[in-house]
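What follows is a set of notes on a single structure, which appears directly below.
None of the figures in this text is laboratory data; all of them are computed from the coordinates on show. What you are looking at is a predicted structure, and each value in this text was computed from that prediction instead of being measured. When we count neighbours, we look across all protein chains shown, and the Cβ atoms used for this are built from the backbone with ideal geometry, even at glycine.
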Amino acid sequence: MILFHLTPPTFDDYLGQVMTPKTLIDSLSEAISEQFSKLTPDEVFLDKFQDNFRRMTRRFDSPGPEVRVSETFEIDGVEVKFFVPFGPLPVVGPTIIYAHGGGFVACDTETHEGIIRRLANASFCRVISVEYRLAPKHPFPAAPDDVETVLKWALAGRGESRGVDANKIVVAGDSAGGNMAAWLAQEYRDKIKAQILFYPLMQLVDVKPANPGPQDWLQIGTVALKYIQDHYVVDADAQSTKVSPLFEKNLEGMPPAYVLTCGLDPLRDEGKLYAENLKAAGNTVVQLYEKTMPHGFLNFAKAFPRANNIPIEAAEFVRSQFPSLPQVKKARP
């Protein structure tokens, strides 16, 4: 789920302004709440919604570092974008499968390319970004099925010609993508080597935070999550771990996890709870809590400088799982 979506009339009001992180949050919050309340499953509207988010990321995000290879192809009918970073890569090595955020209804590989390039560049890992199908045209389980298709391809060794090591796979994602990465880590825990969950959406049963704070007064998260319930979950069982991985009771033997949560995020409690559940089950967990950051901030590196560094820190976590990778901290975001 991304909390910075705007329809055309509102977006253009802000596009030309130079904003600090605080003024960005303050200026957009009320408008975002209003726009989410008007959100409809109309296909034309959603296309405009998507186009405007691409424009917004181009305005407020840094492009990310250059990579050696950036190409698009299909894996069993699922489009992916493949990134190979510069650096001393093994011929066949660790690979990150990344699922972008967007509440299962918006965003794509392009909107999240800055995050992915930083992660690839700093980890010395190839990254496969999945262009999964979106609701409401393609409700659950289309999105997780598409990401699983790509994961199965990698685990079966079918990516070896592209340098993908079937025995060194990491799953990653932000928001809705974190939801799918968490579920896949549960389902393939004996085959996946690590997981990265950036402010993950961990359940779709309750749409209101258990402990509301000032950051929830505009109810942006409540409106967005209700939309996701209506147009992504639809008639599926929201208690299912494929929809709500937070409800998985058996967390023994899970891959090491890097979990980011944010203080200005309606999803903060469920992400924190999941990290604590993983720890309680004896798993390795690195928790990062960004008290002053909102949900979705990794897409806006120009407004939130921390967005440049967090993928690099997550990449250091990934490299620590694979001693064969260079262990030198990379300074360039």
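Data for the structure
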| quantity | calculated |
| --- | --- |
| Gained length - GLN239 relative to VAL91, 0.36 nm times residue gap less alpha-carbon distance | 49.1 nm |
| Neighbourhood net charge (13 Å Cβ-Cβ; Lys/Arg +1, Asp/Glu -1) for ASN250 | -2 |
| Descending semi-axes in Å of segment 170-282, equivalent ellipsoid built from Cα gyration tensor | 23, 16, 12 |
| Net charge over other residues, Cβ less than 14 angstrom from the Cβ of ALA143 (K, R count +1; D, E count -1) | -4 |
| Local net charge near LEU204, Cβ-Cβ under 12 Å (Lys/Arg +1, Asp/Glu -1) | -2 |
| Approximate spin-label separation GLU160-GLU313, in nm, with each point projected 7 Å along Cα-to-Cβ | 3.8 |
| Modelled FRET efficiency - R0 41 Å, ASP76 with SER324, Cβ distances, 0.05 increments | 0.90 |
